[in-house]
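The values are calculated or read from the model by the stated rules, or taken from the named source; none is laboratory data. This structure is a prediction, so every number in the text was calculated from the model and none was measured. Note: ideal-geometry Cβ built from the backbone for every residue, glycine included; neighbour counts use all protein chains shown.
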Amino acid sequence: REETGAYLSLLPEPDGPAEPTERRVLGFLRENGASFLHEIAGGLGLPPSKVAAVLWRLIWDGRVTNDSLAPAWAGPPDPRLWRRRGRAGRGWRGGGRWSAFPEPEPDEGAIEAAGIRLLARFGIVSREALTRERLSLGFGALYPILMRAEWRGEIERGPFVSGISGIQFGLRGAVERLNRLKGTGAPIILNALDPANPYGTFFSLSAAGVRDYALRRLPGNFLILRDGIPIIAVENRGERLIPLIELPPKERMAALALLPRIIDPAAGVRRVVVRTWDEEEVRVTEIEEDLEWIGFMGDDREMIYYRRY
C-alpha cells in the first residue's frame, strides 16, 4: 500500500486517446464547441496537416463528428498535399465544423464501487478529499451513494476532522478509532503516502503550527505525530530525522522508539540507519543516547537498528 495505494484508480479508466495531440484536440473541442479545422489548428498552435491527421483517427475511434460527410469521403489526409497550392486539404480544409462526442458517464455501479474503495482507503471522505487527491470522480456523483449508505446505517456522517470543510462521511470503525486516539498523547508513525496522513494533501506542515518543512510524499518518508500534530519528519527510511517542534527528552524518546517500525522485511527493509538529526551528524547530537537505549548501535557516523529475529 505504501508504494502503490495512493495511485490506484477509483474508477475504471475509459479507453481514451493514447496520444497527447489527440487529447489536446478533444480537449479543445469540448471546451470551445464545434470548430473549423483552421480554428482548431490556430487555437492549439499546430499545423493544419497534423490536426487533420488527428481528426481522421478520432473519426474512426468514434470520438468526433463533422457536420459534413466530405472528410470521410475524402479518405485519410496526405500531409504532402498540404504543401501543394490548389490541392491542399481538399475535402478537409472546407470540411465543415468538428465536434467531440460527450464522454460517457460512469454507471452507478462503478460509482458505488469507487465510493467503497474511497472509504476503505481514507476512512473519512469529504469533498475536499476528492479535490485534494485530484481524482476524476466528482463529489456530486458520489454524494447520493454516500447518503444512501448512511441511511442504511453502513457509514456515519458528521464533522469528524476539524479543518476539513464541508460534510464528511466515515466508516464506523474509522470514527471509533478517531475517538479512541483523541487526546491520548501517544505518538504514532505514518508513511508519507498513507491515506491517514493529511499533511501534504489537506494541510502543509506549517498549518499545524510546526516548522514548515517540505516533506515529500515518497514511500521512504514518514511522519511521527502526537495528537495529530507532526513532531518529527523522517526521510529515506530513517536516514534523516528532522525535529518539527521542541520536544522534552521523555517525549522525544517515545517518538524515536517508533523508528524500528520502519523495518519491513517484505519490502527488503531489514534495518534502520540514522545519519543526521536536524542536519547534524547523529553521533554528535543529543539523540545518540536515546537511540542507544532503544537498541541502535553506533557504526562510524551512523546509528543502526537491526531487525530482531
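A few notes on this one:
- Inside the range 267-303, residues that are over 21 Å from Gly220 (Cα atoms) and acidic (Asp, Glu) make up a count of 7.
- Of residues in the range 220-232 being within 20 Å of the chain's Cα centre (by Cα) and of a type in the set (A, V, I, L, M, F, W, C), the one farthest from Pro265 (Cα to Cα): Leu223
- Just one of (1) exposed (fewer than 14 other Cβ atoms within 10 Å of the Cβ); (2) assigned by TED's automatic domain parsing to the domain that holds Gly140 fails for Arg270. It is (2).
- Picking from residues in the range 202-238 that are of a type in the set (S, T, N, Q) and either surrounded by 16 or more Cβ atoms within 10 Å (Cβ to Cβ) or modelled with pLDDT of 90 or more (or both), the one that is nearest to Leu118 (Cα to Cα) is Asn221.
- Single match in Arg261, Arg180, Arg217, Arg211 (criterion: more than 20 Å from the chain's Cα centre (by Cα), outside any helix (DSSP H, G or I) and charged (D, E, K, R)): Arg211
- Check on Val282, in contact with a Gly (Cβ under 8 Å, 6 or more places away or on another chain) and either crowded, with 16+ Cβ neighbours inside 10 Å or at pLDDT 95 or above (or both): no
- Within the range 192-215, residues that are in the same structural domain as Ser162 (by TED's automatic domain parsing) and within 20 Å of Gly238 (Cβ to Cβ) have Cβ atoms under 8 Å from residues that are modelled with pLDDT of 75 or more and charged (D, E, K, R) in no pair, counting only partners at least 6 apart in sequence or on another chain.
- Within the range 30-51, residues that are free of Cβ contacts under 8 Å to residues at least 24 places away in the same chain reach partners that are charged (D, E, K, R) with beta carbons closer than 8 Å, at six or more positions or on different chains, in the pairs Asn32/Glu39; Ala41/Lys50; Leu44/Arg24.
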